[in-house]
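**Q** Structure provided below as structure tokens; questions to follow.
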Ligand SMILES: NC(=O)c1ccc[n+]([C@@H]2O[C@H](COP(=O)([O-])OP(=O)(O)OC[C@H]3O[C@@H](n4cnc5c(N)ncnc54)[C@H](O)[C@@H]3O)[C@@H](O)[C@H]2O)c1
């Protein structure tokens, strides 16, 4: 029997001021976990942290750009020696928000650095949850997967021409996140820890609304979605918090689709 006790340690949430990160922070706070909340937007971060402190939580904040190579060291310093029981890494950029290289840098390169920084600090029984995207499944091409393998195991030179445009960079960055999770499972397992990702479908957050306003393709996907609606941030948060619980103690190295059935309807 796995039981539901959480491992001791801090819960780290990146993108904590965002549409998925904020409900993750609220759910972790309700479990009484100490929190370290990170986001680029310091004002909105404080707006999320303030109410959680009022109800008695130990809530630290770390404003900053996760793509700054100095960020992982800042995060480790903010832990103050505490192990990480849970990481939910939601900070990311979608095609309407930046150019291709910046999207790739934030969504994959910074994510890999973050994973490298947290791995040695994971508590036994802890879990890291990354966020991929259903778009990753739509970038299933042999040349892309070869470039991602080269990126993860080699020098990564083949990826550069594929990520110049935002609409190319985004799904490839998220496919690389899924590959990273598969690759990292053994090293996390050696620490008694787990790592998984969630592939959200169309989710009604600031980012999701921005993409749906800009792309006809998202409207077609919504029309085909079996549940007939967009998801909300808390429907991703609930799965992330489940993955970080002992109820998910045999889940690692994989990507979980939380998309209202969109990918299935589209044949992926
Ligand atoms: N909303 C969707 O429909 C959808 C679908 C698939 C995947 N996703 C993924 O889900 C994750 C969360 O997205 P969301 O919908 O909550 O978006 P959001 O825009 O509401 O939240 C993202 C948060 O990340 C922060 N952020 C962005 N760049 C950062 C950086 N460089 N450093 C630190 N913080 C940074 C933003 O300030 C924001 O608060 C993203 O990785 C996104 O790619 C979203």
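The values are calculated or read from the model by the stated rules, or taken from the named source; none is laboratory data. Since this is a predicted model, take the numbers as computed values, not measurements. Neighbour counts are summed over all protein chains in view; Cβ atoms, including those assigned to glycine, are modelled from backbone coordinates with ideal geometry.
**Q** Answer with yes or no whether residue 222 is over 22 Å from residue 175 (Cα atoms) and more than 8 Å from the ligand (Cβ to nearest atom).
**A** Here the answer is no, as residue 222 does not meet what is asked.
**Q** Identify, from the list 66, 61, the residue that is at pLDDT 95 or above, under 19 Å from the mean Cα position of the chain (by Cα) and either surrounded by fewer than 17 Cβ atoms within 10 Å (Cβ to Cβ) or more than 29 Å from residue 171 (Cα to Cα) (or both).
**A** None of the other options fit; the residue is 61.
**Q** Follow-up question, since we're still on this one. Evaluate the following for residue 236: is it in a helix (DSSP H, G or I) and surrounded by 13 or more Cβ atoms within 10 Å (Cβ to Cβ)?
**A** Values: in a helix (DSSP H, G or I): yes; surrounded by 13 or more Cβ atoms within 10 Å (Cβ to Cβ): yes.
It is true that residue 236 is in a helix (DSSP H, G or I) and surrounded by 13 or more Cβ atoms within 10 Å (Cβ to Cβ).
**Q** Continuing with the same structure: Across segment 239-253, which residue is nearest to residue 211 (Cα to Cα) among those that are in contact with a helix residue (DSSP H, G or I) (Cβ under 7 Å, 6 or more places away or on another chain) and touching a residue at least 40 places away in the same chain (Cβ under 8 Å)? Give the steps one after another, and end with the answer.
**A** As a first pass, look at segment 239-253 and keep what is in contact with a helix residue (DSSP H, G or I) (Cβ under 7 Å, 6 or more places away or on another chain): 240-242, 248, 251-253.
Still in the list and also touching a residue at least 40 places away in the same chain (Cβ under 8 Å): 240-241, 248, 251-253.
Details: 240: 22, 241: 25, 248: 31, 251: 30, 252: 30, 253: 28 Å.
The qualifying residue nearest to residue 211 (Cα to Cα) is 240.
**Q** Select from segment 8-31 the residues that are under 13 Å from residue 241 (Cα atoms) and assigned to a loop (DSSP other than H, G, I, E, B) and write down the one among them that is nearest to the ligand (Cβ to nearest atom).
**A** 20
**Q** Continuing with the same structure: Being in contact with a helix residue (DSSP H, G or I) (Cβ under 9 Å, 6 or more places away or on another chain), in contact (Cβ under 8 Å) with a residue 24 or more places away in the chain and assigned to a helix (DSSP H, G or I), is that true of even one residue in segment 195-204?
**A** So in segment 195-204, the residues in contact with a helix residue (DSSP H, G or I) (Cβ under 9 Å, 6 or more places away or on another chain) come out as 195-204.
Subsequent filtering for residues that are in contact (Cβ under 8 Å) with a residue 24 or more places away in the chain retains 195-204.
With assigned to a helix (DSSP H, G or I) added as a condition, the list becomes none.
No, segment 195-204 contains no residue that is in contact with a helix residue (DSSP H, G or I) (Cβ under 9 Å, 6 or more places away or on another chain), in contact (Cβ under 8 Å) with a residue 24 or more places away in the chain and assigned to a helix (DSSP H, G or I).
**Q** Among the residues of segment 246-263, write down those that are out of contact with any strand residue (DSSP E or B) (no Cβ under 8 Å at 6 or more places or on another chain) and either closer than 20 Å to residue 15 by Cα or outside any loop (DSSP other than H, G, I, E, B) (or both).
**A** 247, 262
**Q** Also, quick follow-up: Of all residues in segment 161-208, how many are surrounded by fewer than 22 Cβ atoms within 10 Å (Cβ to Cβ) and over 18 Å from the mean Cα position of the chain (by Cα)?
**A** 13
**Q** Checking the structure you have, find out if any residue of segment 14-32 is more than 19 Å from the chain's Cα centre (by Cα) and either in contact (Cβ under 8 Å) with a residue 12 or more places away in the chain or under 26 Å from residue 210 (Cα atoms) (or both).
**A** For segment 14-32, residues more than 19 Å from the chain's Cα centre (by Cα) and either in contact (Cβ under 8 Å) with a residue 12 or more places away in the chain or under 26 Å from residue 210 (Cα atoms) (or both): present.
**Q** Also: Going by what's in this entry, would residue 82 be described as under 30 Å from residue 209 (Cβ atoms) and modelled with pLDDT of 95 or more?
**A** No, not satisfied.
**Q** I would also like to ask the following. Checking residue 185 against (1) in a helix (DSSP H, G or I); (2) in contact with a strand residue (DSSP E or B) (Cβ under 9 Å, 6 or more places away or on another chain); (3) within 13 Å of the ligand (Cβ to nearest atom), only one condition comes out false. Which one?
**A** Here residue 185 clears every test but (3).
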